[in-house]
Amino acid sequence: MKARIRKLFGLLMGPRPRVHSIPFGPLRNKKIYMAPHFSPRMWFGINEPSLVPLCKQYIKPSFTIFDIGAHVGYTTLLFAHFLNNSGTIHAFEILPFTADFLAKTVEANNLSQVTIHRVGLGVKKEIITLPIGQTAMTSMNPKQIEGTEHETCMVAPLDDYKKEAALPNPDLIKMDIEGAEIDCLMGGINLIAESRPIMFIAFHSHQLLVDGVNLLSEFGYTFHRKQETLTREKINQLQDPFNENILCLPG
């Protein structure tokens, strides 16, 4: 159904990517570079509704934020809005094709506090080939994405990349990387232990949620969903299909 809506919207609005002024929501009048069929919700400014209250509650002006899986820049814009022209954002995007869209979004809004990193984050350093999906997204599991074109992409562990790029410790990490979240966490385990950031993680299956909880519980994190604290019992009651943002708070 969602794919049909995107296709119909693209036919109505045209397939050409362009700088678009968002009409509604907290990002009203902000500019984003995208094609309409990527996401009607992004186009209208009503995407990621679960992140907005979390941003309001937890983001402070001085924060350093890692936006892992920044796509064309919608969440990057959201974080910049709540930072209110302060703090810093490091936006990570694995697809060079999509990172070009992200760069145009950043440029269109004069976001000088944003640095773009054209790299995916995993458990080891490698060069891989990934498909470009119809919505400028991809997956480390190619079976999940249909794409007619492919790109060569760089992947690195977050711990190694942070050191090589001399990045500061993050206060907050947002992660939405289409099923690669556990590899990313494993590759950044030293950073997590050292800086203990607040995390907004989109878990893309129930098993990934269980694995993430098992990993982060060792560092005293608690887990929250829709203003509800997730106990082990409640987590076990959840079922697939599961794809939700989970708030992970350091203890």
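Rule-based calculations on the coordinates, nothing more; no lab input. These figures come from a predicted structure and were not determined experimentally. Please note: Cβ atoms are built from the backbone with ideal geometry, for glycine as well, and neighbour counts cover all protein chains shown.
At-a-glance table
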read-out	value
Karplus-derived 3J(HN,Hα), 6.51/-1.76/1.60, for each residue of the stretch 51-65, Hz, glycine and proline x	7, 4, x, 5, 4, 4, 7, 10, 7, 10, x, 8, 5, 9, 10
Mean Cβ neighbour count within 10 Å, used as a protection proxy, ranking 9-17, 167-175 highest first	167-175, 9-17
Test item: Cα-centred dipole of the chain, Lys/Arg +1 and Asp/Glu -1 on Cβ, debye	980 debye
Part-to-part distance (alpha-carbon centres) for the stretch 1-50 and the stretch 146-179, which is given in Å	25 Å
Relative exposure of I68, I59, judged by other C-beta atoms within 10 Å (fewest first)	I59, I68
Local electrostatic count at C153 - Lys and Arg +1, Asp and Glu -1, tallied over other residues with Cβ under 10 Å	-2
Highest-fluctuation residue, K56, K234, K30 considered, GNM on the chain with Cα pairs under 10 Å	K234
Residue with peak Gaussian network fluctuation, the chain [Cα springs, cutoff 10 Å], from T64, T75, T129	T129
Anisotropy class of the stretch 1-138 from Cα gyration tensor, a/c 1.5 cut	oblate
Folded to 0 to 90 degrees: helix 74-83 orientation relative to the chain principal axis, Cα	70 degrees
Value of [θ]222 nm, deg cm²/dmol, for the chain, DSSP H segments ≥ 4, -39500 (n - 2.57) each, nearest 500	-9500 deg cm²/dmol
Ordering of 92-102, 19-29 by packing [mean C-beta count within 10 Å, highest first]	92-102, 19-29
Label-point separation, Q207 to T229 (7 Å along Cα→Cβ), nm	3.0 nm
Derived scalar couplings ³J(HN,Hα) [the stretch 187-198; Karplus, 6.51 cos²θ - 1.76 cosθ + 1.60; whole Hz; x for Gly, Pro]	x, x, 5, 5, 4, 4, 5, 7, 9, 6, x, 5
Size of charge dipole - the stretch 1-138 - debye, nearest 20, with Cβ of Lys, Arg +1 and Asp, Glu -1, no other charges	380 debye
Amide H contacts under 5 Å for G188, placed H, 5+ residues apart	L158, D159
Prolate/oblate/rounded call for the stretch 2-249, Cα gyration tensor, a/c under 1.5 rounded	rounded
FRET efficiency estimate (nearest 0.05) - Cβ-Cβ, D240 to E149, R0 30 angstrom	0.50
Too-long pairs where the Cα-Cα distance tops 27 Å, listed order kept, from K31/K174; K60/K124; K104/K174; K163/K234	K60/K124; K163/K234
